[in-house]
Structures are given as structure tokens and as C-alpha cells.
Amino acid sequence: MRLTRSSRHRSRIAAAAVSIAALVGFCLLVSPSLAHQLDPNPANDRELLGAKLDPVRYDGADGCVRREPKGMKALIRFMKRNTRKNVVYGTIRCDGSGVHETGRALDWMLDARIKADKRLAMTVINTWMADDKRGRANALARRMGVQMIIYRCRYWQAGDNGWNPYSDCSNPTAGHIDHVHIELTKPASKLETSFWRSSVGAEYTGKAGDGDGSSGGIGA
């Protein structure tokens, strides 16, 4: 059977529509949470866009401390404000727990098996990972001095292009399924990175307001 020109045209349109629908469905399947970010992303603040981006670095453990550094207290304020939660699972552990011993690691209880918790966690994580308006990858993570994130049996480390499988997924805690693990660099722990020094970061460092999470963040 020979198709007329109009029939062939309609067939091509139908095939294109099917292809587009399949592509959209695939994108939604592989990256359903990419749209969830803090709005606005602090990395796009005018002051920060004009500032030099902090260098990529990773600082390992070097002994145990007794008190949380200033940067960790500020990160906890940031997490309270932007997840509407107060769920510190742990910071300092002097039991061979690596960066936790330095007070530069935070476990924040947002369970990936609970849809609402996962969405809150991924909203903040996606914001850290996003490009800023100048196209610089992981802009907020670098400005805040976030050097590692572990969640859902995956980890990201400063300088990585993407996520990697985590080594121990034997249970929800070991695999960081029931909480997010976040590490700061040494400069960030001292509030010496560009975000914490900026006016937008000041609301979390105690230099502007009380930073208790009573306003701003998701749903504000």
C-alpha cells in the first residue's frame, strides 16, 4: 500500500510525538528530583556571583575535639532553616569515626525511605550540587566548604563529577539511608569560606539575626 504525502507527514508527526514523550518519561525516571532546589539558590546571590569561587579541597581527620567548631554550628542552623527540621543525629564521635572526630561532620536524620524526608534532603543536596548562574558546578557546596555528602548508599566528594556507590550498605544506618552525612573543610569549620563570610551567610553565623530556623527556607 502506498501512502499519500499527507499520510506520510502525519506518520512522521506521530512518530516524533512518541519519541518526545518517551524522552520526557525517561528524564523523569532518572532524575525525578532535579527540579527540587532551594529558591533562590544562595549561590546566585549577587555578592557571591561576583566573588572568586573557593578552591576544591578535602581535609581528613586529625585528632578529636571536645566542642563543635563555629562552622558546624552555622551548618546546623542552615539545615534547621532549610529543612524545617531539628534532627541532629550526631556530630562529634571520638571512636575512630574519621572526620566526625574533628567536629566537621554532621549526620542529619532525614530517612530516604520516607518520601517527605527524602524530598527535604534532596532539595538541599541538589542546591549544593547545582551550577550557579555563571555555570560553575557545585557552586554552593564549594562556597560553603561542603567536602563530602553521603546519602542513599552513594557519596559525593569535592572534585567529583558525580555520585559514587558507597562501600557499606549493610543496613540503613551504615548505608546512610536513614540520615545524610555532611562534611566541612577546615576553612569552612572556621567560617573562612566565601559563603560564611558573605551577607547571605551571616544569617547562619550569628552575625545577623538568631538563625533559629523560624523563617525562610522551604515553604516560606
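Among the residues making up region 93-111, those that are assigned to a loop (DSSP other than H, G, I, E, B) and buried (at least 20 other Cβ atoms within 10 Å of the Cβ) are Gly103, Arg104, Leu110.
For every residue, the table says whether it meets (1) surrounded by fewer than 20 Cβ atoms within 10 Å (Cβ to Cβ); (2) assigned to a helix (DSSP H, G or I); (3) touching a Cys at 6+ places or on another chain (Cβ under 7 Å); (4) not polar (S, T, N, Q).
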| position | (1), (2), (3), (4) |
| --- | --- |
| Ala116 | yes, yes, no, yes |
| Arg119 | yes, yes, no, yes |
| Ile125 | no, yes, no, yes |
| Trp128 | no, yes, no, yes |
| Lys133 | yes, no, no, yes |
| Arg136 | yes, no, no, yes |
| Arg143 | no, yes, no, yes |
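Checking each residue in region 119-136 for being at negative phi and without any contact (Cβ under 8 Å) to a residue 24 or more places away in the chain picks out Trp128, Asp131.
Out of curiosity, is Asp178 in contact (Cβ under 8 Å) with a residue 24 or more places away in the chain, over 14 Å from the mean Cα position of the chain (by Cα) and part of a loop (DSSP other than H, G, I, E, B)? When the stated conditions are applied, Asp178 passes them.
Within region 56-70, track down each residue that is in contact (Cβ under 8 Å) with a residue 60 or more places away in the chain and in a loop (DSSP other than H, G, I, E, B). Across region 56-70, the qualifying residues are Val56, Arg57, Tyr58, Asp59, Pro69. Here Lys73 meets the list (1) outside any loop (DSSP other than H, G, I, E, B); (2) farther than 21 Å from Thr193 by Cβ almost entirely, failing just condition (2). The condition of being acidic (Asp, Glu) and modelled with pLDDT of 95 or more does not hold for Glu203.
Just one of the listed residues (Leu38, Leu75, Leu53) is assigned by TED's automatic domain parsing to the domain that holds Ser198, modelled with pLDDT of 85 or more and touching a Lys or Arg at 6+ places or on another chain (Cβ under 6 Å), namely Leu53.
Scan region 16-30 and give yes if some residue there is modelled with pLDDT of 95 or more, within 21 Å of the chain's Cα centre (by Cα) and assigned to a helix (DSSP H, G or I), otherwise no. I'd like the intermediate steps shown before the answer.
Looking only at region 16-30, we keep the residues that are modelled with pLDDT of 95 or more, and these are none.
No, the conditions are met nowhere in region 16-30.
Of the residues screened, Lys80 is one that is in contact (Cβ under 8 Å) with a residue 24 or more places away in the chain, under 17 Å from Leu184 (Cβ atoms), under 15 Å from the mean Cα position of the chain (by Cα) and surrounded by 15 or more Cβ atoms within 10 Å (Cβ to Cβ).
Taking region 145-163 as the range and being crowded, with 20+ Cβ neighbours inside 10 Å, not aromatic (Phe, Trp, Tyr) and not in a loop (DSSP other than H, G, I, E, B) as the test, the residues that pass are Val146, Gln147, Met148, Ile149, Ile150.
The values are calculated or read from the model by the stated rules, or taken from the named source; none is laboratory data. For clarity, every value in this text was computed on a predicted model and none was experimentally measured. Neighbour counts run over all protein chains shown; Cβ positions are idealised from the backbone, glycine included.
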